[in-house]
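Laboratory data are not the source of any read-out in this text; all were calculated from the coordinates shown. Fair warning: this is a prediction, and the values are worked out from it, not measured in the lab. Virtual Cβ from ideal backbone geometry, glycine too; neighbours counted across all protein chains shown.
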Amino acid sequence: MNDTKEKIKVFISELSEQAEKNNISLYAIKDRFLLSIKENISFVDNKEISEETKKQYYDLVKANIKKPINEVLLSQKSRGSFDKTRSAYKFVVYDQINIMRSKMDDLRKEAKKNPEKKEFYYNQQQKIMDQVFNLCFRYKNEYIDKKTTYKKVRDLNNTIGIEEAKESKKYTMKKAASKNEVLEKMNKNKRLWARHSLRFSIISTFGCRPAELNNIYYYIEGDHIIAEIAGKKVNEVRGQKRRKIGILIDKEDISHQVIINNIKKGNKVLKSTPSDYNSLRKYILKNFENTSLYSYRHIVASKLKNILSDQELARFLGHRSTNSAKSYGNKRTGKNWLKPSEDYTAEASDPVVVKTKSCDHFKKEEVKKDHSMAKNLKNFLNKKP
């Protein structure tokens, strides 16, 4: 950190020379620097990021505030955590610049109302700017550009390297342990089976997000197992608030047997605590190579890509846009997905937006159907499992 402080001092000295040469204030030069940083961050509108995600981003950055940004990135053990950490720094820098400018505007207004305190408000503006300025300087000098891949990451001075990355969940799903394999091993430990067998069976059957495990309502309807799920990663423009999805019962599938046995015992609601989730996550990572809980979401998505239309797939996975599923599973193969399937059912609280060319055949019919479905699901949306 001492080295960084020295670099900041040198940089400010250079800015001071520029300010004197151009006959403008150092304050104005700093402000231009911050705006240039903001303009170079290709980031989505804050409205598309949930409050939960924002908190995770800030917690991550705060926890590593004393460490060089590139070292934090290089310490990540998977491509997923690497990308999330990179996004966290981008968001926090972008958000802090916006907050700073808003606070400084407020201070200017106060200074106009109270001219006698003008000096005080000016000093407050300087303090706010300096805090954000230091973070932006570090971002500019320590951040790893998006063009740099995780496998060959280096800092700006090319002094830090990284070993080849672990593959993402999407590419390791073929190597992941089958759900029957996981359940068979879990069954050897009565305590683990009692705590996690249902939880794992729900994830591996329906491909829900691990974060959605809390308060899932499950039951049998006809010859289908049904799950009603309250969505995560939901805001005004993304994600499904609630969805009702079903899958045809397979008597050979151990996970289906686990769910059905719990229903027969009178259990219909799955509740999970952060401790439950972390315990199951660690068990999977420790006992099965190339496997994580999220691998099963990719496995389910990959299978459904060859069975369901884009909009049906989006509803099943809890997406608001057909684009979202592109990062899940493998690409479509053949034209099997054009054939309607009664093995899977999916209803969702919000209409799905079609953003891919591959579904032109379905666009008019599906969009009309989707809006009608969302309209008829008001009671479903308000229903509490």
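Listed values, structure above:
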quantity: Packing rank of 226-235, 25-34, 6-15, 293-302, where each peptide gets the mean count of other beta carbons within 10 Å, highest leading; calculated: 293-302, 226-235, 25-34, 6-15
quantity: J(HN,Hα) series, segment 32-40, from Karplus relation 6.51 cos²θ - 1.76 cosθ + 1.60, nearest Hz, glycine and proline x; calculated: 5, 4, 5, 5, 5, 5, 4, 5, 8
quantity: Förster-model FRET efficiency, 22 Å R0, residue 273 and residue 220, C-beta, rounded to 0.05; calculated: 0.25
quantity: Proxy reagent accessibility, fewest Cβ within 10 Å first, across 36, 324; calculated: 36, 324
quantity: P(r) tail fraction, segment 1-106 - alpha-carbon pairs more than 20 Å apart, %; calculated: 53
quantity: Flagged links, alpha-carbon separation over 30 Å, of 7/127; 38/66; 175/251; 30/109; 90/268; 62/232; calculated: 90/268
quantity: J(HN,Hα) series, segment 237-245, from Karplus relation 6.51 cos²θ - 1.76 cosθ + 1.60, nearest Hz, glycine and proline x; calculated: 10, 9, x, 9, 4, 9, 8, 10, 10
quantity: Whole-angstrom gap from segment 49-88 to segment 6-33, using each part's C-alpha centre; calculated: 30
quantity: Residue-wise HN-Hα coupling along segment 110-122, computed from phi with Karplus coefficients 6.51, -1.76, 1.60 (Hz; x: Gly, Pro); calculated: 5, 5, 5, 6, 10, x, 5, 9, 4, 4, 4, 5, 5
quantity: Net charge over other residues, Cβ less than 11 angstrom from the Cβ of residue 67 (K, R count +1; D, E count -1); calculated: 0
quantity: Exposure proxy ranking, count of Cβ atoms within 10 Å, fewest first, for 316, 200; calculated: 200, 316
quantity: Exposure proxy ranking, count of Cβ atoms within 10 Å, fewest first, for 350, 253; calculated: 253, 350
quantity: Peptides ranked, highest mean first, by Cβ atoms within 10 Å: ranges 257-269, 73-85; calculated: 73-85, 257-269
quantity: Top positive-direction residue, dipole computed over segment 2-152 with Cβ charges, set 40, 87, 128; calculated: 87
